[in-house]
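First comes the structure, then the notes that go with it.
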Amino acid sequence: MSRIGKKPIEIPQGVKAEISGNDIKVSGPKGELKDTFHRNIKVEAKDGKIFVLPKDAEFSKKTAALWGLHRALISNMVDGVSKGFEKKLEIEGIGFKASVEGDNLVLNVGFINPVKIKKPEGVNFSVEKNVITISGISKEKVGQVAAIIRKSKKAEPYKGKGIKYQGEKIRRKEGKKVVASK
């Protein structure tokens, strides 16, 4: 049994879920998301709740894993169209800065040329001082774009310069020690 899969998903006020075949479409005040679920999973909407169930009574370990996965994905879709998601990244380092130019996020992080990251559909960038905020309705897209931005210049362990998630702790390493000669 899947502990996560057994929980029903509450549909908040103003959110509408449509299920047809193996497709689900969730629309709300912030937008609309579509997804296709696995053929061994059955999704039903009743009484303002979405239930995710396995199709067969005898199911494998893979089906149990897919059951919990699809329940979490549908729950994230419902949260996204009602509240939205956001990730914050911090830039640390002398001369490191970020700016939004049109649809691109431009990062000056110590390379010869600035790093330009194109804004995907459904994701928004905003920059305040040294904090980059990525927001959107799809948790998957917001997380993926945040990971791509962080990857462009990860925080290094000696001085902590680079891009990191807000609240992330960088494990510091000790530098080389100078040994006095006799």
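Quick check on this structure: which one of A64, A17 is of a type in the set (G, A, S) and farther than 28 Å from N124 by Cβ?
One residue alone meets the criteria, A64.
Somewhere in region 50-70, is a residue part of a loop (DSSP other than H, G, I, E, B), of a type outside the set (V, I, T) and either at pLDDT 90 or above or under 30 Å from V106 (Cα atoms) (or both)?
Taking every residue of region 50-70 in turn, none turns out to be part of a loop (DSSP other than H, G, I, E, B), of a type outside the set (V, I, T) and either at pLDDT 90 or above or under 30 Å from V106 (Cα atoms) (or both).
If I filter region 125-144 for residues that are part of a helix (DSSP H, G or I) and of a type in the set (V, I, T), do I get at least one hit?
Within region 125-144, one or more residues are part of a helix (DSSP H, G or I) and of a type in the set (V, I, T).
If you go through region 50-60, how many residues are within 14 Å of I24 (Cβ to Cβ) and over 24 Å from the mean Cα position of the chain (by Cα)?
The qualifying residues number 1.
Based on what the data block shows, is E44 exposed (fewer than 13 other Cβ atoms within 10 Å of the Cβ), among the acidic types (D, E) and modelled with pLDDT under 90?
no
If a residue must be buried (at least 19 other Cβ atoms within 10 Å of the Cβ) and closer than 14 Å to L105 by Cβ, how many such residues does region 138-149 contain?
Qualifying residue count for the region: 4.
When both residues are 6+ apart or on different chains and their Cβ atoms are under 9 Å apart, which pairs have a first residue that lies in region 87-116 and is without any contact (Cβ under 8 Å) to a residue 60 or more places away in the chain and more than 13 Å from K161 (Cβ to Cβ), and a second that is of a type in the set (D, E) and surrounded by fewer than 17 Cβ atoms within 10 Å (Cβ to Cβ)?
From residues that are without any contact (Cβ under 8 Å) to a residue 60 or more places away in the chain and more than 13 Å from K161 (Cβ to Cβ), the pairs are K116/E101.
If I go through region 87-105 residue by residue, how many of them are crowded, with 16+ Cβ neighbours inside 10 Å and either hydrophobic (A, V, I, L, M, F, W, C) or farther than 14 Å from V131 by Cα (or both)?
Total satisfying the criteria: 5.
Looking at region 128-147, I want the residues that are closer than 16 Å to I117 by Cα and among the hydrophobic types (A, V, I, L, M, F, W, C) and have a partner that is open to solvent by less than 30 Å² (accessible area, probe 1.4 Å) and in a helix (DSSP H, G or I) with Cβ atoms under 9 Å, at least 6 apart or on another chain. Which pairs are those?
Within 9 Å, the pairs are I132/A146; I132/I149; I134/V142; I134/G143; I134/V145; I134/A146; I134/I149; V142/G80.
The values are calculated or read from the model by the stated rules, or taken from the named source; none is laboratory data. As the structure is a computational prediction, the values presented were derived from the model and not from experiment. Here the Cβ is made from the backbone with ideal geometry for all residues, glycine too, and neighbour counts use every protein chain on show. Surface accessibility is based on the protein's heavy atoms, side chains included, excluding ligands, DNA and RNA. Shrake-Rupley method; radii C 1.70, N 1.55, O 1.52, S 1.80 Å.
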